[in-house]
Amino acid sequence: MTRDINPKNIFMSVQELDIKVERKSLSELELETKGTIFWNLSPAELVEHSLANKEGNLTDVGALMADTGEFTGRSPKDRFIVKDSETENTVWWSDINIPFDEANFDRLYNKMISFLGNRNLYVRDAIAGADEKYRLNLRIINTLAWHNMFCYNMFLRPDKDQLEDFDPDFTIICIPEFKANPDTDGTRQENFAAINLTRKILLIGGTAYAGEMKKGIFSVLNYILPHKHGVLSMHCSANVGKEGDTAVFFGLSGTGKTTLSADPDRSLIGDDEHGWNEDSVFNFEGGCYAKVIDLSREKEPEIWDAIKFGAIVENTRFYPGTRTVDYSNKQVTENTRTSYPIYHIKNALPNSIAGIPKNIFFLTADAFGVIPPISKLNKSQAMYHFISGYTAKVAGTEVDVTEPKTTFSACFGAAFLPLHPTRYAELFGEKMEKHQVNVWLINTGWTGGPYGVGSRMKLKYTRAMISAALEGKLDHVAYRKHSVFGIGIPESCPNVPDHVLSPRATWEDKAAYDLKARELGTAFIQNFEKYLDFATDDILAGAPKF
Ligand code: ATP
Ligand code: MN
């Protein structure tokens, strides 16, 4: 039986959409567009636009699924900072902070503005920095609706009053469709992220990896906060217990910041970027950006449950013939992600501000299997390891890498630090001196041997060790010193088998362990040579010895 389908009837239930088109002007950017400016659309509207624009699909739990295209991660070699009279003597110029010519920036800006001339734009007013005193008002100009939704999720959302007379401090212009010409624009390739701290503009082109916006603004705050306000900015997650005890978790990508800060017994402050001022720790962001590769409800229930309407999943694939995401699918990348507003986590702290940390965890994914799964650091060791910022990149993702690659990234986030690492280390040291903070080193990486021989530390053990440390259950147990690193290894921990606590005990070949430990110790010492001018005897007392 066929039914008479009148297309008119099919659409009867679709309301005439009341689209918010505010004819606000972007004239301060000298931007005139013949297209439509969609200003501060809600997530529901942005999902409608994303689907209508064919930017993505809807998953069966109501999340928006989008691809980031050629770039499935940040491109650090294409992240520039304009070198001018403001930054010339303040930014630490290096292969991380790559200088960009002022005139090239201005030209690129003009080209991008004219590129936008007849496009529809998604504009958003947002905030970075939960502390009123240090907040940065952002105006974000996107060509993709899903990017604008990413910004809704990831930055703080201004309330009605804050929107009334919103005055932007910094502008992001992100146009994936715009490609630079390396021959004339001073870029390395067609893609770029260029920060101008004088004009207060972040330009992004040639890449649709949305994380460039988030980490670009993080870099801006990492310049402004320590340099202008003496506030320590940190690449860390943070949560707070019922007694008001704050914990922060420093760590490079993939070491467990997001995973371990989502704890049903503690309130989440944030999963990636925070400031530490005179009396509090505050989130810079309004959402989380979690890895979803091999995600399971059993292991990470908070993150799993946060993926619903309002969340975005990036670079994932469906089980064929369904709209169910297959989190084991690595077809596009291992760096599959979800972004969601922080209120998707049930026990997130509403104002994202808590007190001075009582416990600090340095997370490392040691692929050598040398670093103990939990150890306690004294002040010298804490400074030494903070400046070192050790983790290991695992083989497998790059064709030629067969051995795990030792990586040292100062302050656990050198890629985002425009100032010299010693500036952050000084602030960190001062704060540690002033407040009685416990500092722990956690190896979320390998145990029982190096990558290839051993296995990754079980998440449930890492969680048990962190809980024990937070609950003071490691305060009165026996400790012994690691033979090379001198750090304190607890001999017992609730809910963790004793032998797991000693990396050497988990290796079959003890001589091989001792050799690897010395090898890693040597790598630390070599890496630290560049800080010898800055390092005091007190800091050097925290170095490995053998
Ligand atoms: P980024 O800075 O890129 O956001 P991150 O530090 O937040 O990185 P996570 O997103 O928490 O890193 O990633 C840790 C990954 O490692 C998760 O996929 C998690 O499931 C996995 N994992 C496996 N074993 C452990 C463990 N013992 N501890 C923590 N994470 C583990
Ligand atoms: Mn994270």
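The values are calculated or read from the model by the stated rules, or taken from the named source; none is laboratory data. Keep in mind it's a predicted model, so treat the numbers as computed, not measured. Note that we place each Cβ from the backbone using ideal geometry, even for glycine, and neighbour counts take in every protein chain shown.
Here are the numbers:
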{"quantity": "Subset of the stretch 241-277 that is away from ligand 2 (no atom under 16 Å from the Cβ) and of a type outside the set (D, E, K, R) - its residue that is nearest to Leu295 (Cα to Cα)", "calculated": "Pro264"}
{"quantity": "Spans of strands (runs of 3 or more DSSP E) in the stretch 353-434 with at least 3 residues not hydrophobic (A, V, I, L, M, F, W, C)", "calculated": "357-364, 390-393, 405-408"}
{"quantity": "Residue check, Asp84 assigned to a loop (DSSP other than H, G, I, E, B) and either hydrophobic (A, V, I, L, M, F, W, C) or surrounded by fewer than 18 Cβ atoms within 10 Å (Cβ to Cβ) (or both)", "calculated": "yes"}
{"quantity": "Residue match in the stretch 145-166 (condition: hydrophobic (A, V, I, L, M, F, W, C), farther than 15 Å from Lys214 by Cβ and surrounded by 19 or more Cβ atoms within 10 Å (Cβ to Cβ))", "calculated": "yes"}
{"quantity": "Residue within the stretch 195-212 that is assigned by the TED database to the domain that holds Phe416, hydroxyl-bearing (Ser, Thr, Tyr) and within 16 Å of ligand 2 (Cβ to nearest atom) present", "calculated": "no"}
{"quantity": "Enumeration of residues in the stretch 459-498 that are assigned to a helix (DSSP H, G or I) and among the hydrophobic types (A, V, I, L, M, F, W, C)", "calculated": "Leu459, Ala464, Met465, Ile466, Ala468, Ala469, Leu470"}
{"quantity": "Condition met for Leu41 (surrounded by 17 or more Cβ atoms within 10 Å (Cβ to Cβ), at pLDDT 55 or above and not in a loop (DSSP other than H, G, I, E, B))", "calculated": "no"}
{"quantity": "Unique match (being within 15 Å of ligand 1 (Cβ to nearest atom) and surrounded by fewer than 20 Cβ atoms within 10 Å (Cβ to Cβ)) among Arg323, Arg317, Arg297", "calculated": "Arg297"}
{"quantity": "Failed item in (1) within 16 Å of ligand 1 (Cβ to nearest atom); (2) touching a residue at least 60 places away in the same chain (Cβ under 8 Å); (3) part of a strand (DSSP E or B), with Met213 passing the rest", "calculated": "(3)"}
{"quantity": "Residue in the stretch 269-290 that is of a type in the set (Phe, Trp, Tyr), crowded, with 24+ Cβ neighbours inside 10 Å and not in a strand (DSSP E or B) present", "calculated": "yes"}
{"quantity": "Close pairs (6 angstrom Cβ cut-off, 6 or more residues apart or separate chains): not assigned by the TED database to the domain that holds Thr462 and part of a loop (DSSP other than H, G, I, E, B) in the stretch 293-306, surrounded by fewer than 16 Cβ atoms within 10 Å (Cβ to Cβ) and among the hydroxyl-bearing types (Ser, Thr, Tyr) anywhere", "calculated": "Asp294/Ser328"}
